[in-house]
Amino acid sequence: MALDEACLDLAPAGTGFLRFYDWAGPAVTFGLSQSYAMAAGMAQAKGLAGAPVVRRISGGGVVFHDGDFTFSIVFPWERLTSALGVYECMHVAVRQGLKACGIETVVAGPGQAADACFDAPSPFDLVLPDGRKLLGGALRRRAGKGLYQGSLRPELIGLPLEALREAVVRGIRERWPCPWADEPQASWLEEAERLRAKYLSDDWNRRR
Amino acid sequence: MAKPEHCRYAKSHEWVCVEGGSAVVGVSDYAQSEMTDVVYVDLPKVGRKVKLGESCGTVESVKAAFDFYSPVSGEVTAVNEALAKDPALVNRAPFEGGWFFKVKPENPKEAESLMDLAQYREFLKTPAAHGSH
């Protein structure tokens, strides 16, 4: 979470950066304005008591990181445009990437967002043809840049993770033809280290 | 309450209405419509000194959180407590019940450098104001 925020703040305007990341163990993240108590309660009900419960800077719902495939994208979002439109475009892009691997998916239609990310598809989530949710995400817009934080259930499609990474990269880069950074710069990593304390703090995680 | 024709507008779509020694700040009708259904507004604290163009809070809608920026410099003197209970006021009445905060401006003339309503309407027609993704 700290590196995502650092990348959002420090990636040069007009460029993109896509990264994949794993978790040291089961964890839970929740949306910027959600309540910690609700997220912690849902974690416990899910059998994830004791897992870290961390507030994101993006919107969206509670996400259980227990075997999901996670990635984040910093991208140019210079003009204020509909978040749902951006969200739809992200998932159309990933759908195209997966299609090249023979995986058929559908971008969900309008609907009601759920408190927990995978309870039910939200508008413009990426779902399988049978309706099961494959990919959901959350967005933050700051200073003409956007951050997308995505969570995908890889067990639903059985694609090797390396192929899945390639599919996401291909789809996203084709959709956003901006310059893309391949690696985080040293300054981004330094900023992430500084921000780490925030994401470990009660001031941030329990502010609501 | 602010009237759109009496407000000045920033390119980041905040409005400011200066009356006497106080400036009221909110987001434009265009901004609220692009943000869609607002579910939470995180406002600056009373007493905070904000600068023109400085990020001073967030608006959250379904799936996304947006930074918003102060259109004037000064000290925050009041915030709209009603948004805590009813954030959708931003959608329903962005110039009235959906205002964000009040500022005691450092320089009352600062707002005059922003766009008036006619200029803002022209700005909304340009690619610089909005685009597609």
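The values are calculated or read from the model by the stated rules, or taken from the named source; none is laboratory data. In this text the structure is predicted, and so the values were computed from the model without any measurement. Ideal geometry is used to build each Cβ from the backbone, glycine not excepted, and the neighbour counts take in all protein chains shown.
For the range B:100-108, check the following and say yes or no: at least one residue is buried (at least 17 other Cβ atoms within 10 Å of the Cβ), assigned to a helix (DSSP H, G or I) and aromatic (Phe, Trp, Tyr).
no
Considering (1) surrounded by 22 or more Cβ atoms within 10 Å (Cβ to Cβ); (2) of a type in the set (A, V, I, L, M); (3) closer than 22 Å to A:Ser82 by Cα, say which one B:Val72 fails and leave the rest.
The one condition B:Val72 does not meet is (3).
Checking B:Gly53 against (1) small (Gly, Ala, Ser); (2) away from every other protein chain (no Cβ under 11 Å); (3) closer than 27 Å to A:Trp204 by Cβ, only one condition comes out false. Which one?
Of everything listed in (1) small (Gly, Ala, Ser); (2) away from every other protein chain (no Cβ under 11 Å); (3) closer than 27 Å to A:Trp204 by Cβ, B:Gly53 misses just condition (2).
Among the residues of the range A:134-165, write down those that are touching a residue at least 60 places away in the same chain (Cβ under 8 Å), more than 14 Å from chain B (Cβ to nearest Cβ) and part of a strand (DSSP E or B).
Once the filter is applied, which keeps residues that are touching a residue at least 60 places away in the same chain (Cβ under 8 Å), more than 14 Å from chain B (Cβ to nearest Cβ) and part of a strand (DSSP E or B), the range A:134-165 yields only A:Leu152.
Here is a check on your reading of the model: is B:Glu60 crowded, with 20+ Cβ neighbours inside 10 Å, free of Cβ contacts under 8 Å to residues at least 40 places away in the same chain and over 10 Å from the mean Cα position of the chain (by Cα)?
yes
Going through the range A:143-165 one residue at a time, which ones are within 17 Å of the chain's Cα centre (by Cα) and surrounded by fewer than 19 Cβ atoms within 10 Å (Cβ to Cβ)?
A:Arg153, A:Pro154, A:Leu161, A:Arg165
Could you list, in sequence order, the residues of the range A:144-175 that are closer than 20 Å to A:Gly60 by Cβ and hydrophobic (A, V, I, L, M, F, W, C)?
A:Leu147, A:Leu152, A:Leu156, A:Val168, A:Ile172
Could you tell me whether A:Asp22 is within 14 Å of another protein chain (Cβ to nearest Cβ) and out of contact with any Pro (no Cβ under 6 Å at 6 or more places or on another chain)?
no
In the range B:1-30, which residue that is surrounded by fewer than 23 Cβ atoms within 10 Å (Cβ to Cβ) and at the interface with another protein chain (Cβ under 10 Å from one of its Cβ atoms) is nearest to B:Pro94 (Cα to Cα)?
Filtering the range B:1-30 for residues that are surrounded by fewer than 23 Cβ atoms within 10 Å (Cβ to Cβ) and at the interface with another protein chain (Cβ under 10 Å from one of its Cβ atoms), the one nearest to B:Pro94 (Cα to Cα) comes out as B:Ser28.
Got a sec? Which of B:Ala128, B:Ala118 is at pLDDT below 95 and surrounded by fewer than 19 Cβ atoms within 10 Å (Cβ to Cβ)?
B:Ala128
Looking at (1) surrounded by fewer than 17 Cβ atoms within 10 Å (Cβ to Cβ); (2) out of contact with any strand residue (DSSP E or B) (no Cβ under 7 Å at 6 or more places or on another chain), which is the one condition that is false for A:Trp23?
(2)
Would you pick out the residues in the range A:37-88 that are in a loop (DSSP other than H, G, I, E, B) and within 14 Å of chain B (Cβ to nearest Cβ)?
A:Arg56, A:Ile57, A:Ser58, A:Gly59, A:Gly60, A:Gly61, A:Trp77, A:Glu78, A:Arg79, A:Leu80, A:Thr81, A:Ser82
Among the candidates B:Glu122, B:Glu75, single out the residue that is outside any loop (DSSP other than H, G, I, E, B), of a type in the set (D, E, K, R), free of Cβ contacts under 8 Å to residues at least 40 places away in the same chain and more than 15 Å from B:Pro4 (Cα to Cα).
Only one candidate passes the filter, namely B:Glu75.
Filter the range A:15-28 down to the residues that are part of a strand (DSSP E or B) and without any contact (Cβ under 8 Å) to a residue 40 or more places away in the chain and list them by number.
Within the range A:15-28, A:Ala27, A:Val28 meet the criteria.
Tell me, yes or no, whether the range A:166-185 has at least one residue that is part of a loop (DSSP other than H, G, I, E, B), within 18 Å of the chain's Cα centre (by Cα) and buried (at least 17 other Cβ atoms within 10 Å of the Cβ).
Among the residues of the range A:166-185, at least one is part of a loop (DSSP other than H, G, I, E, B), within 18 Å of the chain's Cα centre (by Cα) and buried (at least 17 other Cβ atoms within 10 Å of the Cβ), which makes the answer yes.
Checking the conditions here, which among A:Gly131, A:Gly111 is modelled with pLDDT under 95, away from chain B (no Cβ under 12 Å) and surrounded by fewer than 24 Cβ atoms within 10 Å (Cβ to Cβ)?
Unique residue meeting the criteria: A:Gly131.
Within the range A:180-188, does at least one residue satisfy the condition of being within 14 Å of chain B (Cβ to nearest Cβ) and not hydrophobic (A, V, I, L, M, F, W, C)?
Taking every residue of the range A:180-188 in turn, none turns out to be within 14 Å of chain B (Cβ to nearest Cβ) and not hydrophobic (A, V, I, L, M, F, W, C).
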